[in-house]
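> Handing you this structure, nothing more for now.
Just so it is clear, none of the values below were taken in a lab; they were calculated from the coordinates. Bear in mind the structure is a predicted one, so any value in this text is a computation, not a measurement. Please note: Cβ atoms are built from the backbone with ideal geometry, for glycine as well, and neighbour counts cover all protein chains shown.
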Amino acid sequence: MNKVRVGFVGAGGIAKNHLHNISKNDRAEVIAICDVKAEAAIHSGKEFSAIPYTNVDEMLEKEKLDALFICVPPFAHGDIEEKAARKGIHLMVEKPLGLELKTVSRKSEFIKQSGVICSVGYCFRYLDTVAKAKEYLRDKSIAMVRGHYLSAFVSTPWYREWDKSGGQLVEQSTHIVDLVRFLAGEIDEVYANMSLQVHKDIPNITIPDVTSVNFVLHSGAVGHIDSTFTQFDHRTGIELMGNDFRVVIDGTSLSIVEKDYTISYNSKINCYEEQDRAFIEAIVTGNRKLILSSFEDGLKTLAVTLAANHSKDTGLPMQLSSFSNSKFSIS
Ligand SMILES: NC(=O)c1ccc[n+]([C@@H]2O[C@H](COP(=O)([O-])OP(=O)(O)OC[C@H]3O[C@@H](n4cnc5c(N)ncnc54)[C@H](O)[C@@H]3O)[C@@H](O)[C@H]2O)c1
């Protein structure tokens, strides 16, 4: 196959990361970059020798693309995925997949029927340390899970708005929810409390800055996730515990602890690079197993976070099965 011809929609923070990865990949080339902000498209177009667009329809019409990176904010996905999939363009879609479960569920079905390869940006799945943790846990029974995503405020304007980002759990801590699902199995029930405590003075803020989520796994194991952007630094992690063992992922490093020994690993890879390499490799070889998070998988993680938002509003625990069948929006 010739080089994979790649287009981008959204030329903001995360797109730059992917653009660097693709420009270094000798099996791919960046062809076109679309952003509703002309200067962002032009600036990235110059940097990566790509044609700038401000209209995604025009880009898809004029350029013959093999793959499209969708790096727009959660509220802005519209029907970009469907338009590209209809043309047989493979998709790399940033998390979260949207803010309405019904819309994203329909999209998932559409993508499946189209046959295109689709990867979702749950990059932690590609860490070598996460792979080691998964292998260790293969024959273990997990009893309890603790996760956290503790960070600083993100200044991009849409992040602070509930209707645009869905709040921190949907937008960022979704990475930890996804790791819970990847390492410990499906979540059946969630209950969440959220509140705005520290950042009340930020103009237009409508999202909580502290979130606590309890959940029950399909196995019967229980767990919780703490999420906040009241901090000045960035800490993420997850701890999975069972009979005389624990697996601790702290950022990108891993410790496996048993009664008499501890093994520690520091990740040797950049998970964003690994994820993008796997996506291009999957397109070139047709090997879909290289994709560690499909659209369907990303949809399940989204459902957990939206159900938690709903629980915050009702004050009641939410069963994922009934939420997925009946409740379809961010609150
Ligand atoms: N996987 C990760 O670790 C990771 C890290 C950061 C961000 N993200 C995700 O990536 C997405 C984007 O985040 P970001 O930090 O790059 O945001 P950003 O605000 O920096 O950039 C988004 C860009 O999209 C453009 N845009 C908005 N609507 C558009 C449209 N309809 N067509 C074309 N361009 C459009 C904006 O003008 C902006 O330049 C979010 O969903 C975020 O959660 C993922």
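> Computed from the mean reciprocal separation of all distinct C-alpha pairs, what Kirkwood hydrodynamic radius does the stretch 214-331 have, in Å?
17.7 Å
> Could you tell me whether the stretch 256-311 comes out rounded, prolate or oblate from its Cα gyration tensor? Rule is a ≥ b ≥ c as square roots of the eigenvalues, rounded for a/c under 1.5, then prolate if a/b exceeds b/c, otherwise oblate.
Note, shape of the stretch 256-311 comes out oblate.
> How about the stretch 152-221: which trypsin sites (Lys or Arg not before Pro) there lie in a loop by DSSP and see at most 11 other Cβ atoms within 10 Å?
Listed in order of number, the matching sites are Lys200.
> Given Gly147, Gln168, Leu19, which one lies farthest toward the positive end of the charge dipole of the chain, if we put +1 on the Cβ of every Lys and Arg and -1 on the Cβ of every Asp and Glu?
Working it through, the farthest residue towards the positive pole turns out to be Leu19.
> Bin width 5 Å, alpha-carbon pairs only: give the P(r) of the stretch 77-173 as whole percents, running from 0 to the bin holding the largest distance.
Result returned by the calculation: 2, 10, 15, 17, 16, 16, 15, 7, 2, 0.
> Something else now. Jot down the radius of gyration and Dmax of the chain, Cα atoms only, both in angstrom.
Final numbers for Rg and Dmax: 19.7, 63 Å.
> I would also like to ask the following. Under a Cβ-only charge scheme (Lys and Arg +1, Asp and Glu -1), can you give me the dipole magnitude of the stretch 25-111 about the Cα centre, in debye to the nearest 20?
I would put it at about 200 debye.
> What are the semi-axes of the equivalent ellipsoid for the stretch 195-247, taken as the square roots of 5 times the Cα gyration tensor eigenvalues, largest first, in whole Å?
Working through the eigenvalues yields semi-axes of 31, 14, 6 Å.
> Treat every Asp and Glu Cβ in the stretch 173-228 as -1 and every Lys and Arg Cβ as +1, leave all other atoms uncharged, and give the resulting dipole magnitude about the Cα centre to the nearest 20 debye.
Magnitude of the dipole: close to 80 debye.
> Taking the stretch 160-206, how much of its Cα-Cα pair set, in percent, is spaced more than 12 angstrom apart?
When every Cα pair of the stretch 160-206 is considered, 71 percent fall beyond 12 Å.
> Another one. Rank these for me by crowding, His90, His310, going from fewest to most other beta carbons within 10 Å.
His310, His90
> Summing +1 for each Lys or Arg and -1 for each Asp or Glu, what net charge is found among the other residues whose Cβ lies under 10 Å from the Cβ of Cys123?
Net charge in that neighbourhood comes out at -3.
> In addition: Once you charge only the Cβ atoms, +1 for Lys and Arg and -1 for Asp and Glu, what is the size of the charge dipole of the chain about its Cα centre, to the nearest 20 debye?
On the way: 37 positive and 42 negative charges, 95 e Å.
Dipole about the Cα centre, nearest 20: 460 debye.
> Can you tell me the equivalent ellipsoid semi-axes for the stretch 17-91? Use √(5λ) from the Cα gyration tensor, largest first, whole Å.
Largest first, the stretch 17-91 gives 18, 15, 12 Å.
> Starting from the 7 Å offset along Cα-to-Cβ, what nm value, one decimal, do you get for the label separation of Phe153 and Val222?
3.5 nm
> Just rank Thr236, Thr305, Thr103, fewest to most, by other beta-carbon atoms within 10 angstrom. Working shown, then result.
Values: Thr236 20, Thr305 30, Thr103 16.
Starting with the residue having the fewest Cβ neighbours, the order is Thr103, Thr236, Thr305.
> Just the C-alpha atoms of the stretch 214-276: what Rg/Rh do they give, with Rh taken as the Kirkwood radius?
1.03
> Starting from one equal scatterer on each C-alpha and no solvent at all, send me the Debye-based log10 I(q)/I(0) for the stretch 123-182 at q = 0.18, 0.27, 0.29 Å⁻¹, two decimals.
-0.75, -1.18, -1.26
> Out of every Cα pair in the stretch 20-153, what percent are spaced more than 24 Å from each other?
Percentage above 24 Å: 43.
> Give the order of Ile70, Ile225, Ile205 when sorted by the count of other beta carbons within 10 angstrom, beginning with the fewest.
Final ranking by Cβ density, sparse to dense: Ile205, Ile70, Ile225.
> How many percent of DSSP beta bridges within the chain run antiparallel, rounded to 5?
60 percent
> Also, quick follow-up: For the chain, build the charge dipole from Cβ charges (+1 Lys, Arg; -1 Asp, Glu) around the Cα centre, then report which of Phe8, Asn325, Val247 sits farthest towards its positive end.
Highest projection toward the positive end goes to Phe8.
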